[in-house]
Amino acid sequence: MRGEAMSAAPIFSNAHTHTVFCDGHNTVEENVLRALELGFVSLGFSIHSGNPYEGFKIENEEKYKVEVARIREIYGHRIEILCGIERDGFYQREFNGFEFMIDSTHMFMKDGEYCHVDHSEAWQAADVEKLYGGDYYAYCADYYAQMNRLLSGPHGDIVGHIDLCTKYNEGNRLFDESSPRYLKYALETSELAVGTGMPIEMNTGAISRGYRTTPYPSMDILRFIREKGGEIMINTDSHRAEWLDTGIAQCVEMARQAGFDHALRLRKSGFEEVGI
């Protein structure tokens, strides 16, 4: 889906937007109206893939697709609206009728039990203590192993929040993200992600919900992606219409510091480069 255009314009786009059809708080239309207020040129919706362990219902996917199409009929002359899905790496099945796919891992298996990566800090801490004896590095190794399995098979269009396992680790409270043990796993997965050709998102979802003050991925990972020739895009992983533009300016500055001179944004014609 790689385009060729280059622009000096601001990002004015988001391709990771959740609605009431999964765990978002606003309707499709409310998100579009907010995007229009912000001057967005495109907005990509991204329902979570239906999965029994998180309670999302597969039947909502068809209702969601119908509603996105309906809203596109109304507002499509003012903004490009794309119907996508955020596929969970743990839950493999066919996904049809979507215009783009975000590949993410929210869960993995350890000794026959589910590890919910971002359900809550308390849930994560309980998993690490029970299944890993308190070893967060071993926990992260299994998270990245699940990401590797996803990236090694047929993949989608965007790599979602690649280091989600650090969601509750603001200020290295739980483990040291600069340690060689952690970076071994994180950078192996990042290199695999770059090799797929998919853009790796800078994601501000944890900022809007108060878990972090910085976006995913970390600066170490971001610089590594740049060194390996990977592409990035800036997404807000928005679960409320008011969060559609959260942290975009911060991502731009961080990307510049990492050595990027552009990011990608999603349009109907594919990805296009935007100068930053």
When you check ILE74 against the structure, is it assigned to a strand (DSSP E or B) and either at pLDDT 95 or above or under 29 Å from ALA145 (Cβ atoms) (or both), yes or no?
no
If a residue must be at pLDDT 95 or above and part of a loop (DSSP other than H, G, I, E, B), how many such residues does the range 118-153 contain?
3
Among the residues of the range 84-101, is there at least one that is over 30 Å from GLY195 (Cβ atoms) and assigned to a loop (DSSP other than H, G, I, E, B)?
no
Yes or no: LYS167 in contact (Cβ under 8 Å) with a residue 24 or more places away in the chain, of a type in the set (D, E, K, R) and exposed (fewer than 15 other Cβ atoms within 10 Å of the Cβ)?
no
Within the range 19-37, count every residue that is more than 17 Å from VAL66 (Cβ to Cβ), out of contact with any strand residue (DSSP E or B) (no Cβ under 6 Å at 6 or more places or on another chain) and surrounded by 18 or more Cβ atoms within 10 Å (Cβ to Cβ).
2
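The values are calculated or read from the model by the stated rules, or taken from the named source; none is laboratory data. Only a predicted model underlies this, so the values are computations on that prediction, with no experimental measurement involved. Neighbour counts run over all protein chains shown; Cβ positions are idealised from the backbone, glycine included.
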